[in-house]
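Undergrad: Once you've had a glance at the structure underneath, I'll fire off some questions.
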Amino acid sequence: MRSERRVFGGFLSAALALIILAGVAHGRRVSEGSSSLTPPDLISDGVRDGGFGGWPLRLEGLELEAPEGEACEQTYGFMPCTTTVLGNLFLILVYGYLMFLAATYLSSGSELLLEILGPGIVGGLFLPILGALPDAMLILVSGLSGSTETAQSQVSVGMGLLAGSTVMLLTVIWGTCVVVGKCDLHGSVAKDGEDTKGFSLTGSGVSTDIWTSYAARIMVVSVIPFLLVQLPQLMHSTWGRHLAVLIALVISLLQLILYCLYQVFQPQIQKRRLAYAKHKHVISGILRHLKMHSLGRLLGDDGRPNKEVIEKLFRMVDGNNDGFISATELQALIVGIRLDAVNVDEDDAVKKLMAEVDTSNDNQIDFTEFMNGISRWLEEARRSGASSLEAGPASMKYLDDFHQQTRREHDLLGDQTDEADEGVENPKWTSFKAVLLLLLGTLIAAAFADPLVDAVDNFSDATSIPPFFISFIALPLATNSSEAVSAIIFASRKRLRSASLTFSELYGAVTMNNALCLSVFLALVYIRGLMWDFSSEVLIIFVVCLVMGAFASFRTTFPLWTASVAFLLYPLSLALVKVKQWLRESPVGLEPKVSGVQRPPRLDGPC
């Protein structure tokens with residue numbers, strides 16, 4: 001019911017905004033004392049007789065058309081427009097709110113669809129694309145407007161949105177998630193739900209699983225097309241810029257396809273790796289259990305398995321003393337180990353152990369098979385790199401280290417099998433609501449993306465602020481606000497799983513920006529023959545993705561001090577753009593001109 005009320009309330013808000021916009025009107029002032037006035041030009045006061053022969057109502061201060069040189073063009077021929085600062089600011093707020101509603105509807109519809117159909121095609125293909133749809137719409141319309149000169153001017157809005165979304169996700173939102181999700185660090189791992197150290201820069205932080213690190217590495221790789229399209233400018237060459245755009249477009253589209261395929265098959269890969277990690281943990285638990293209950297040392301002085309001790313252990317497991325270990329007796333052993341920290345399916349564990357140890361395939365384990373299996377497992381534990389191996393060949397402390405290592409590997413993979421699968425109460429109604437939300441979000445994004453870009457462009461004209469800065473700061477607040485709220489709420493649960501999901505979504509959103517949104521942008525530049533003049537913007541995206549990607553690619557725990565690094569990157573990014581633009585405007589920093597293409601002055605400042 002709450003979600004339905006939110007949807008209905010959002011729909012009413014959108015309808016109210018449309019009514020307000022539709023109610024904006026223009027009039028023109030009637031000049032006093034003009035002898036050329038005819039009755040159609042005047043409005044009767046409705047009191048005096050004589051119709052238009054009496055005193056007219058004179059409408060002062062309203063003009064149907066703006067003065068020459070200040071006229072604005074209405075989007076779609078009927079959407080309101082203005083040349084004033086406050087008027088355009090109001091339009092940006094209204095259109096931005098509508099884009100926020102579109103992003104919220106798309107996010108809610110995607111989540112409902114995921115509940116019904118599950119991961120795979122939906123989670124790997126549709127959800128990432130739908131999440132990036134509002135940004136892609138804004139970028140698309142920014143380069144389709146009017147002539148080539150107009151598109152070249154307005155396309156900086158799309159690049160500002162692309163850079164601003166990436167920077168905001170990896171700086172402000174990333175740092176906020178670390179702050180609200182921090183837990184006490186014990187041995188470089190965050191303890192779920194424990195937050196007693198306050199704002200200790202090194203004693204508190206968040207931990208994620210290994211799949212989050214993989215997502216960060218993919219995000220770093222996704223910046224390659226930015227570097228490819230920038231190569232001609234880095235070499236100060238005017239040749240091959242159009243070809244560089246085409247090559248970068250092909251690479252970007254290829255990355256988009258590969259990333260979607262990875263998202264589709266990633267759940268199956270994760271399940272297989274998790275199953276293997278559980279199997280290793282069961283083996284380590286058996287070895288540790290046998291060591292604790294052995295009547296001697298499992299290894300002799302020469303470091304080889306002690307046959308006599310292992311034979312005693314075999315007889316201990318063989319409950320009916322028939323000389324074989326059955327599946328039931330093996331299951332009793334696993335139950336006795338009590339692997340409470342790991343959710344193990346006992347039947348599946350028995351099946352895998354029998355398949356590995358029972359080489360004769362008779363569904364029972366004799367002593368020879370048991371001896372060979374234990375010897376093989378002990379050798380695997382020895383090769384795992386146990387720190388206590390130097391204590392001597394007969395030392396068994398490395399089994400404890402092996403057990404802790406397998407537990408850590410399991411935790412890094414992020415086991416979610418113990419979470420309750422609640423199912424969907426009313427699949428038909430939920431499916432209808434999901435489709436309705438997706439359609440509504442798509443329609444709103446498609447309808448109001450172009451007016452929002454025009455409002456930003458007009459606001460830039462009225463304030464002399466480059467449109468890049470407006471789109472860099474303001475537009476991501478509208479298109480990414482739903483992702484920001486969702487990420488912060490998940491991070492506040494203070495658990496490894498919620499933190500992993502939070503940061504994986506952030507890295508995934510940036511990857512889609514660098515794949516889908518960049519593909520749309522490069523396609524516009526190539527098809528319309530626009531000039532690629534965004535070296536400072538590319539530098540921002542590259543630096544932020546590289547720094548934050550380096551943090552997340554090779555570590556799974558983030559102390560609280562890493563949040564300050566993320567927060568500092570945001571103002572530094574703005575400063576970097578300003579410095580690069582200042583260098584470009586100075587005589588020393590002028591870039592070579594491209595023959596046949598005039599650089600629009602509005603990319604660097606007012607017209």
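The values are calculated or read from the model by the stated rules, or taken from the named source; none is laboratory data. All of these numbers come straight from a predicted model, not from anything done at the bench. For neighbour counting, all protein chains shown are included, and Cβ atoms are generated from backbone atoms with ideal geometry for every residue, glycine included. These accessible areas exclude ligands, DNA and RNA; they are computed on the full protein's heavy atoms, side chains included. Shrake-Rupley method; radii C 1.70, N 1.55, O 1.52, S 1.80 Å.
Undergrad: Need pairs with beta-carbon distance below 7 Å; first residue over 27 Å from PHE265 (Cα atoms) and within region 205-234, second among the hydroxyl-bearing types (Ser, Thr, Tyr); sequence gap 6+ or separate chains.
TA: GLY205/THR557; GLN230/SER535; GLN233/SER535
Undergrad: Given the options LEU530, LEU443, name the one that is under 30 Å from THR84 (Cβ atoms) and open to solvent by 40 Å² or more (accessible area, probe 1.4 Å).
TA: LEU443
Undergrad: Here's something else I'd like to know. Within region 548-564, how many residues are part of a helix (DSSP H, G or I) and open to solvent by less than 50 Å² (accessible area, probe 1.4 Å)? Full working, then the answer.
TA: First, the residues of region 548-564 that are part of a helix (DSSP H, G or I): 548-553, 561-564.
Those still in the list that are open to solvent by less than 50 Å² (accessible area, probe 1.4 Å) too: 548-549, 551-553, 562-563.
Count: 7.
Undergrad: Suppose we filter THR196, THR148, THR202, THR176 for residues that are out of contact with any Cys (no Cβ under 8 Å at 6 or more places or on another chain) and crowded, with 16+ Cβ neighbours inside 10 Å; which single one remains?
TA: THR176
Undergrad: Still on this structure: Can we say VAL189 is open to solvent by 10 Å² or more (accessible area, probe 1.4 Å) and under 20 Å from CYS545 (Cβ atoms)? Lay out the reasoning, then the answer.
TA: Details: open to solvent by 10 Å² or more (accessible area, probe 1.4 Å): yes; under 20 Å from CYS545 (Cβ atoms): no.
No.
Undergrad: Follow-up question, since we're still on this one. If I filter region 240-259 for residues that are open to solvent by 40 Å² or more (accessible area, probe 1.4 Å) and either at positive phi or among the hydroxyl-bearing types (Ser, Thr, Tyr) (or both), do I get at least one hit?
TA: no
Undergrad: Whether any residue in region 577-586 is modelled with pLDDT of 80 or more, part of a helix (DSSP H, G or I) and of a type in the set (A, V, I, L, M, F, W, C) is what I want to check.
TA: No, the conditions are met nowhere in region 577-586.
Undergrad: ALA420: of a type in the set (A, V, I, L, M, F, W, C), at pLDDT below 85, open to solvent by less than 50 Å² (accessible area, probe 1.4 Å) and out of contact with any Lys or Arg (no Cβ under 7 Å at 6 or more places or on another chain), yes or no?
TA: Considered against the rule, which asks whether it is of a type in the set (A, V, I, L, M, F, W, C), at pLDDT below 85, open to solvent by less than 50 Å² (accessible area, probe 1.4 Å) and out of contact with any Lys or Arg (no Cβ under 7 Å at 6 or more places or on another chain), ALA420 comes out as no.
Undergrad: Just to be sure I understand the filter: pairs with C-beta atoms under 8 Å, separated by 6 or more residues or on different chains, first member in region 490-504 and in a loop (DSSP other than H, G, I, E, B), second member of a type in the set (Lys, Arg). Which pairs pass?
TA: Going by the 8 Å Cβ cut-off, the qualifying pairs are LYS494/LYS182.
One line per residue, one yes/no per condition, for (1) in contact with a Ser or Thr (Cβ under 7 Å, 6 or more places away or on another chain); (2) of a type in the set (Lys, Arg); (3) modelled with pLDDT of 90 or more:
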{"site": "LYS197", "(1), (2), (3)": "yes, yes, no"}
{"site": "THR202", "(1), (2), (3)": "no, no, no"}
{"site": "SER222", "(1), (2), (3)": "yes, no, yes"}
{"site": "PRO232", "(1), (2), (3)": "no, no, no"}
{"site": "ARG241", "(1), (2), (3)": "no, yes, no"}
{"site": "ILE251", "(1), (2), (3)": "no, no, yes"}
{"site": "VAL264", "(1), (2), (3)": "no, no, no"}
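Undergrad: Hey, could you check region 432-446 for residues that are small (Gly, Ala, Ser) and touching a Leu at 6+ places or on another chain (Cβ under 8 Å) and say which is farthest from ALA136 (Cα to Cα)?
TA: First, the residues of region 432-446 that are small (Gly, Ala, Ser): 434, 441, 445-446.
Next, from what is left, pick out any that are touching a Leu at 6+ places or on another chain (Cβ under 8 Å): 434, 441, 445.
Working: ALA434: 21, GLY441: 13, ALA445: 10 Å.
Looking at the filtered set, the residue picked out is ALA434.
Undergrad: Ok, one more. So which residues in region 446-464 are modelled with pLDDT under 85, surrounded by fewer than 21 Cβ atoms within 10 Å (Cβ to Cβ) and over 11 Å from ASN88 (Cα atoms), if there are any at all?
TA: Hits for region 446-464 are ALA446, SER464.
Yes/no matrix, rows are residues, columns are (1) in contact with a Lys or Arg (Cβ under 8 Å, 6 or more places away or on another chain); (2) surrounded by fewer than 21 Cβ atoms within 10 Å (Cβ to Cβ); (3) assigned to a helix (DSSP H, G or I); (4) modelled with pLDDT of 90 or more:
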{"position": "GLU537", "(1), (2), (3), (4)": "no, no, yes, no"}
{"position": "ALA566", "(1), (2), (3), (4)": "no, no, yes, yes"}
{"position": "GLN598", "(1), (2), (3), (4)": "no, yes, no, no"}
{"position": "CYS607", "(1), (2), (3), (4)": "no, yes, no, no"}
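Undergrad: A further question on this structure: Can you run down the residue pairs with Cβ atoms below 6 Å, 6 or more apart or on separate chains, where the first is in region 447-468 and over 20 Å from MET137 (Cβ atoms) and the partner is part of a helix (DSSP H, G or I) and open to solvent by less than 10 Å² (accessible area, probe 1.4 Å)?
TA: That search, which allows pairs on different chains as well, returns ALA462/ASN88.
Undergrad: Here's a follow-up. Considering only region 155-166, I want to know if a residue exists there that is open to solvent by 10 Å² or more (accessible area, probe 1.4 Å) and more than 18 Å from PHE542 (Cα to Cα).
TA: no
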